[in-house]
Amino acid sequence: MDRPFVTRFAPSPTGRLHKGHAFSALTAYQTAKDANGRFILRIEDIDPTRCRPEYEDGIYEDLRWLGLDWEEPVRRQSDHLADYAAAVDALRERGLVYRCFRTRKEILDGIGHAPHGSADAVRPGPHSPDEEAELLASGKAYAWRLSLDRAHEALGGAAWEALSFYEEGTGSDGESGWVKARPETAGDVVLSRKDAGTAYHLAAVHDDALQGISHVIRGVDLVEATHIQRLIQALFDWPAPVYRHHRLMTGPDGRRYAKRDGSVTLKSLRESGTTATDIRAEAGFGA
Ligand code: GLU
């Protein structure tokens, strides 16, 4: 592969960083250095309800403390919502997305329960033209969902079957090498949220292409996202990066660090005397 090596760390400022983030950021950073490549920091702050400026400041503070540096200016996704809206528009013109006015609860009630325990793996389908016209007139908010059926038609059966990504790390089943993409496991994903005008998969894939990311290095918890992200790339004819999903760092109790479990943050570790060298060593990166 003769693409220049470019990787990124793309946190969402929805809380302070913990050791799991440190491991991910250090892995991407060190891999870029070893490859004489570029390391990009990207702020994925499209969720208006959960993202906060003080968490973004915290990301810069914590990563500098860990000894990382990155290219400026940093791309903040909230500054580029028009780019993502234009991408959704392009799919709309091709008939690949549909308006969805339903709430999450309505969708789940409609199918009895969530398949795979996830509200995202649903395929509610378009509203009837009459219903859609009525809902539009009522001013109700709506999301844009990708239609897997239409995407399949647009790509063509052979290209759909051939859709795959290259895994240099560890997939969820420990697979590596060429992995067949199974976008259907994600359902008709939302590409533009009611409240945000875009959504994670679209914004992430758009920016990976725009920033020339050759290697996506991120936790194995995101491997499932790769299947639908690969489809979005194919629909836009964007190049597919190589993926290196890495193991998740676990705490003394054997559980992975996660924001929602209130894992100890880098900030509080620092304040109680832990050094950046300690964190780097624990993550397997020498001083
Ligand atoms: N913004 C995502 C997160 O914080 C990561 C996206 C990615 O690496 O693709 O979980």
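The values are calculated or read from the model by the stated rules, or taken from the named source; none is laboratory data. Treat the numbers as computed from the prediction; the structure is a model and nothing was measured. Methodologically, a virtual Cβ is constructed for each residue, glycine included, from the backbone with ideal geometry; neighbour enumeration extends over all protein chains shown. Accessible surface areas use protein heavy atoms only, side chains included; no ligands, DNA or RNA. Shrake-Rupley method; radii C 1.70, N 1.55, O 1.52, S 1.80 Å.
Lysines near Lys105 by alpha-carbon distance under 18 Å, same-chain residues fewer than 8 away left out - which ones?
Lys140, Lys194
How far is it, in nm, from the label point at Lys267 to the one at Ala162 when both lie 7 Å from their Cα along the line to the Cβ?
For the pair Lys267/Ala162, the computed spacing is 5.0 nm.
Taking each pair of distinct Cα atoms in the chain once, what is the resulting Kirkwood hydrodynamic radius in Å? Can you show the working numbers first?
On the way: mean 1/r = 0.0494 Å⁻¹.
Radius from the Kirkwood sum: 20.3 Å.
Once you list every other residue whose beta carbon is under 15 Å from the beta carbon of Trp178, what net charge do they have if Lys and Arg are +1 and Asp and Glu are -1?
Values: positive: Lys180, Arg182, Arg230, Arg244; negative: Glu161, Glu167, Glu168, Asp173, Glu175.
Counting the neighbours of Trp178, the net charge comes to -1.
With all protein chains present and a 1.4 Å probe, how do Val74, Val205 order by accessible area, largest first? Before the final figure, lay out each step's value.
Values: Val74 25, Val205 0 Å².
Output order, biggest surface exposure first: Val74, Val205.
Seen from all sides and averaged, what is the projected area of the convex hull of the Cα atoms in the stretch 145-287, in nm²? Please report the intermediate quantities before stating the final value.
Details: hull surface 44.2 nm².
Orientation-averaged projected area of the Cα hull: 11.0 nm².
Please identify every one of the trypsin sites (Lys or Arg not before Pro) in the stretch 81-188 that sits in a loop by DSSP and has no more than 14 other beta carbons within 10 Å of its own beta carbon. Please list the in-between numbers first.
Numbers: sites: Arg92, Arg94, Arg99, Arg102, Arg104, Lys105, Lys140, Arg145, Arg150, Lys180; in loops: Arg94, Arg102, Lys140.
Here the trypsin sites (Lys or Arg not before Pro) that fit, given the DSSP loop and packing criteria, are Arg94, Lys140.
Residue farthest toward the positive end of the dipole of the chain, with Cβ of Lys/Arg at +1 and Asp/Glu at -1: which of Tyr243, Tyr166, Phe9?
Phe9
Apply the Karplus parameterisation 6.51 cos²θ - 1.76 cosθ + 1.60, with θ equal to phi minus 60°, to every residue of the stretch 101-110 and state each ³J(HN,Hα) to the nearest whole Hz, in sequence, with x for glycine and proline.
These are the phi-based 3J(HN,Hα) values: 8, 6, 7, 4, 5, 4, 5, 5, 4, x Hz.
At 1.4 Å probe radius, can you tell me the per residue accessible area of the chain in Å²?
Working: 13730 Å² over 287 residues.
On a per-residue basis, 48 Å².
Alpha carbons only, please: Rg and Dmax for the stretch 58-112, in angstrom.
Cα only, the stretch 58-112: 19.2, 50 Å (Rg, Dmax).
Can you give the charge dipole size of the chain about its Cα centre, rounded to the nearest 20 debye, using +1 on the beta carbon of Lys and Arg and -1 on the beta carbon of Asp and Glu?
Here the chain has a charge dipole of around 460 debye.
Calculate the translational D of the stretch 1-83 in whole µm² s⁻¹ from Stokes-Einstein, where the hydrodynamic radius comes from the Kirkwood formula applied to all Cα pairs, the temperature is 20 °C and the viscosity 1.002 mPa s. Could you put the intermediate results ahead of the total?
On the way: Rh = 13.4 Å.
Once the numbers are plugged in, D ends up at 160 µm²/s.
With a sphere of radius 15 Å drawn around the Cβ of Tyr142, what net charge do the other residues whose Cβ falls strictly inside it have (Lys, Arg +1; Asp, Glu -1)? Write out the running numbers ahead of the final one.
Values: positive: Arg92, Arg99, Arg102, Arg104, Lys140, Arg145, Arg193, Lys194; negative: Asp89, Glu106, Glu131, Glu132, Glu134, Asp188, Asp195.
Once positives and negatives cancel, what remains is +1.
One quarter of the convex hull surface, Cα atoms only: what value does that give for the stretch 169-248 in nm²?
Working: hull surface 22.2 nm².
Taking the Cα atoms of the stretch 169-248, their convex hull projects to 5.6 nm² on average.
If you roll a 1.4 angstrom probe over the protein chains with everything in place, what fraction of the accessible area of the chain belongs to carbon and sulfur, to the nearest %?
Values: 6800 of 13730 Å².
On the chain, the fraction of accessible area on carbon and sulfur atoms equals 50 percent.
Could you tell me the calculated FRET efficiency between Asn36 and Asp57, based on Cβ-Cβ distance and R0 = 35 angstrom, to the nearest 0.05? Before the final figure, lay out the partial values.
Values: r = 30 Å, r/R0 = 0.87.
Given R0 = 35 Å and the Cβ-Cβ separation, E is 0.70.
Calculated from DSSP H runs of 4 or more alone, at -39500 (n - 2.57) each and per residue, what is the 222 nm mean residue ellipticity of the chain, nearest 500?
On the way: 11 runs with 111 residues, N = 287.
Mean residue ellipticity, 222 nm, calculated: -11500 deg cm²/dmol.
What is the spread of the Cα atoms of the stretch 120-208 along each of their three principal axes, largest first, in whole Å?
Answer, in whole Å and largest first: 50, 28, 22 Å.
Which residue, Ala82, Ala196, Ala137, has the most motion in a Gaussian network model of the chain that connects Cα atoms within less than 10 Å?
Highest fluctuation of the listed residues: Ala137.
Output ³J(HN,Hα) for the stretch 161-175: one whole-Hz value per residue in order, computed from phi by the Karplus curve 6.51 cos²θ - 1.76 cosθ + 1.60 with θ = phi - 60°, and x for Gly and Pro.
So the J values, rounded to whole Hz, are 5, 7, 4, 7, 9, 9, 9, 9, x, 10, x, 5, 9, x, 7.
Starting from the stretch 14-99, pick out the GluC sites (Glu not before Pro) whose DSSP state is loop and whose Cβ has at most 15 other Cβ atoms within 10 Å. Walk me through the numbers before you get to the answer.
Details: sites: Glu44, Glu54, Glu56, Glu61, Glu71, Glu93; in loops: Glu44, Glu71.
Qualifying residues, ordered by number: Glu71.
Given N residues in the stretch 1-141, what is Rg(Cα) / (2.2 N^0.38 Å)? If you can, show how the numbers build up before the last one.
On the way: Rg = 20.1 Å, N = 141, 2.2 N^0.38 = 14.4 Å.
Ratio of Cα Rg to 2.2 N^0.38 Å: 1.40.
Can you pull out the trypsin sites (Lys or Arg not before Pro) in the stretch 5-76 that DSSP calls coil and that have at most 13 other Cβ atoms within 10 Å? If you can, show how the numbers build up before the last one.
On the way: sites: Arg8, Arg16, Lys19, Lys33, Arg38, Arg42, Arg50, Arg64, Arg75, Arg76; in loops: Arg16, Arg50.
When the trypsin sites (Lys or Arg not before Pro) of the stretch 5-76 are filtered for loop state and at most 13 Cβ neighbours within 10 Å, Arg50 remain.
Share of antiparallel DSSP beta bridges in the chain, in percent to the nearest 5? Before the final figure, lay out each step's value.
Values: 12 of 25 bridges.
Beta bridges within the chain, antiparallel portion: roughly 50 percent.
With each pseudo-label sitting 7 Å past Cα toward Cβ, what's the Leu248-Ala141 distance in nm, one decimal?
Output for this residue pair reads 2.8 nm.
Roughly how many whole Å is it from the C-alpha centroid of the stretch 26-95 to that of the stretch 211-287?
Between the Cα centres of the stretch 26-95 and the stretch 211-287 lies a distance of 13 Å.
Glu93 to Ser172: FRET efficiency via 1/(1 + (r/R0)^6), r the Cβ-Cβ distance, R0 35 Å, to the nearest 0.05? Don't skip to the end; give the middle numbers.
Working: r = 34 Å, r/R0 = 0.98.
Taking R0 as 35 Å, the efficiency between Glu93 and Ser172 is 0.50.
Starting from the Kirkwood Rh over alpha-carbon pairs, what translational D in µm² s⁻¹ does the stretch 214-287 have by Stokes-Einstein at 4 °C and 1.567 mPa s? Mind dumping the intermediate values first?
On the way: Rh = 14.9 Å.
Translational D for this selection: 87 µm²/s.
Name the residue from Ser138, Gly273, Gly110 whose Cα lies farthest towards the positive end of the charge dipole of the chain, charges +1 on Cβ of Lys and Arg and -1 on Cβ of Asp and Glu.
Gly273
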